[in-house]
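One structure is given below, encoded as structure tokens.
The values are calculated or read from the model by the stated rules, or taken from the named source; none is laboratory data. Please read these numbers as outputs of a predicted model, since none were measured by experiment. In this analysis, Cβ positions are derived from the backbone assuming ideal geometry, glycine residues included, and neighbour counts consider all displayed protein chains. Remember, those area values only see protein heavy atoms, side chains included, never the ligands or the DNA or RNA. Shrake-Rupley method; radii C 1.70, N 1.55, O 1.52, S 1.80 Å.
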Amino acid sequence: MELLIASAIGVLTAAGIYLVLRLRTFPVILGISLLTYAVNVFLFTSGRVAVGVPPVLRDDITTYTDPLPQALVLTAIVISFGMTAVVVMIGLGAFLGSDDDHVDDQPNDRSEGTS
């Protein structure tokens, strides 16, 4: 189980870094989202990977999972959803304003030749 989760974190991180380096607005947004998913899975697994184990310690239970990473991941999901919505709207506004979705601010060849 740990190998599967570690592999998933690695794949999400690699895909996220690849998309962040694409220099277009929407692949960068998707890459940042994948990186946040990788961090969320990493945080979630830091609370112990166990199936059917309760998150709160009671008198008759000897093993439990840590509820703090679960709360952190839930908060991170809400924050990342809100920030993704804001960044998508900023990227959409920039695309509609310039008809280009490059994230580098270098002028293109079409606009230099026309005056």
Net charge near F42, counting Lys/Arg +1 and Asp/Glu -1 over other residues with Cβ under 15 Å of its Cβ? -1
In deg cm²/dmol, rounded to 500, what helix-only [θ] at 222 nm does the chain give when every DSSP H run of at least 4 residues adds -39500 (n - 2.57) and the total is split over its residues? -23000 deg cm²/dmol
S46, S33, ranked by accessible area, largest first (probe 1.4 Å): S46, S33
How big is the charge dipole of the chain about its Cα centre, in debye rounded to the nearest 20, if each Lys and Arg gets +1 on its Cβ and each Asp and Glu gets -1 on its Cβ? 300 debye
Rank N40, G93, Y64 by how far each Cα sits towards the positive end of the charge dipole of the range 2-110 (+1 on Lys, Arg Cβ; -1 on Asp, Glu Cβ) and give me just the farthest. Y64
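FRET efficiency for V49 and A85, Cβ-Cβ distance as r, R0 = 25 Å, nearest 0.05? Write down the numbers at each step before the final one.
Numbers: r = 31 Å, r/R0 = 1.23.
Efficiency for this residue pair is about 0.20.
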Output ³J(HN,Hα) for the range 40-57: one whole-Hz value per residue in order, computed from phi by the Karplus curve 6.51 cos²θ - 1.76 cosθ + 1.60 with θ = phi - 60°, and x for Gly and Pro. 5, 5, 4, 5, 5, 6, 5, x, 5, 8, 8, 9, x, 9, x, x, 10, 7
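What is the calculated FRET efficiency for I77 to L23, with r their C-beta to C-beta distance and R₀ = 30 Å, to the nearest 0.05?
0.65
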With every protein chain kept in place and a 1.4 Å probe, the residues D66, D99, D59 fall, from largest accessible area down, as D59, D99, D66
One finds, for V103 and A6 with R0 = 30 angstrom and r their Cβ-Cβ distance, a FRET efficiency to the nearest 0.05 of 0.45
Taking a label point 7 Å from the Cα of L92 along the Cα→Cβ vector, which residues of the range 18-33 have an amide N closer than 14 Å to it? 26
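Leaving out ligands and nucleic acids, note down the accessible area per residue over the chain with a 1.4 angstrom probe, in whole Å². Show your work: numbers first, answer last.
Values: 8510 Å² over 115 residues.
With the other protein chains kept in place, the chain gives 74 Å² per residue.
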